[in-house]
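To start, the structure under review is shown below, and the notes come after it.
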Amino acid sequence: MFFGFSSLAALRACIARDWRPQIGDPEITGWLTVLSYFLCFVLAVMVLRRRPAGAARGLWLTIAGLMAFLGVNKQLDLQTALTATGRCMARAQGWYDDRHMVQLAFIAGLVLGVALALAWTTNALRGHMRRNGPALLGLAVLCGFVLVRAVGFHHVDRLISADFANIKYNFWFENAGLWLIAINALMLLRRGR
């Protein structure tokens, strides 16, 4: 038994009805965002390799890992696969009609996890905040973006799907965090050891 399915193949078939591995955001803004994630990943690795004075190694290691994952996720749309898996499991296990409590628990856990991680990181960066603060702020903006997308309140989705200068707020919101991370990395790299 695989989460209420007779086989892993049956679970995969259910998921495949709602998600297929394909390019999730083929527009130019989607590719520019992927490029921004890749740039932040490369800059974070450079910070890790050069170890400039004041750079918090754990923070930049976390940033490198997150940038790699979120960049790949941006185009593979893995959160839709996770949602499809949850939907399939809920139907197979008979709790689909009561899924709202599970969704709330998942969102609450996600919000709590992000809040605790940011609080712990802020505490851990005591004494290094001045040199790593913009990157931490960028991470907080990205976490906010991810949480807004995960919660998926319809009025919030409508707001961030609106546009400014013919570009959706989604792009501005997500990339603001990435630009803060990139700027911080460049400042650290420019300062050197």
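Across the stretch 2-26, what is the total count of residues that are aromatic (Phe, Trp, Tyr) and part of a loop (DSSP other than H, G, I, E, B)?
The number of residues fulfilling the criteria is 2.
Considering only the stretch 111-147, how many residues are within 23 Å of Trp172 (Cα to Cα) and aliphatic (A, V, I, L, M)?
Residues flagged as within 23 Å of Trp172 (Cα to Cα) and aliphatic (A, V, I, L, M) within the stretch 111-147 amount to 13.
Are any residues in the stretch 47-86 closer than 18 Å to Ile23 by Cα, open to solvent by less than 70 Å² (accessible area, probe 1.4 Å) and assigned to a helix (DSSP H, G or I), and if so, which ones?
Scanning the stretch 47-86 gives Met67, Ala68, Leu70, Gly71, Asn73, Lys74, Gln75, Leu76, Leu78, Thr80, Ala81, Ala84.
Just to check your reading of the model, which residue among Trp179, Trp172 is aromatic (Phe, Trp, Tyr) and modelled with pLDDT of 95 or more?
Trp179
I need the helices (runs of 4 or more DSSP H) fully contained in the stretch 87-168, keeping only those with at least 1 residues that are at pLDDT 80 or above and not polar (S, T, N, Q).
99-124, 129-151
Residues of the stretch 29-38 being open to solvent by 70 Å² or more (accessible area, probe 1.4 Å) and closer than 9 Å to Met67 by Cα, which ones?
Hit for the stretch 29-38 is Phe38, nothing else.
Can you tell me how many residues in the stretch 5-18 are open to solvent by 50 Å² or more (accessible area, probe 1.4 Å) and either under 24 Å from the mean Cα position of the chain (by Cα) or not small (Gly, Ala, Ser) (or both)?
4
Pairs please, first residue from the stretch 117-143 and open to solvent by 20 Å² or more (accessible area, probe 1.4 Å), second anywhere and assigned to a helix (DSSP H, G or I) and among the aromatic types (Phe, Trp, Tyr), Cβ atoms under 8 Å, 6+ apart in sequence or on different chains.
Val141/Phe173
Thr29: touching a strand residue (DSSP E or B) at 6+ places or on another chain (Cβ under 8 Å), of a type outside the set (Phe, Trp, Tyr), under 25 Å from Ile167 (Cα atoms) and in a helix (DSSP H, G or I), yes or no?
Judged against the criteria, Thr29 is a match.
In this structure, does Leu59 turn out to be at pLDDT below 95, on the phi < 0 side of the Ramachandran plot and over 13 Å from the mean Cα position of the chain (by Cα)?
So Leu59 fits the description; yes.
The values are calculated or read from the model by the stated rules, or taken from the named source; none is laboratory data. What you see is a predicted model, and the numbers here were worked out from it, not measured in a lab. Note that each Cβ is placed from the backbone with ideal geometry, even for glycine, and that neighbours are counted across all protein chains shown. Calculation scope for accessible area: heavy atoms of the full protein, side chains included, ligands and nucleic acids excluded. Shrake-Rupley method; radii C 1.70, N 1.55, O 1.52, S 1.80 Å.
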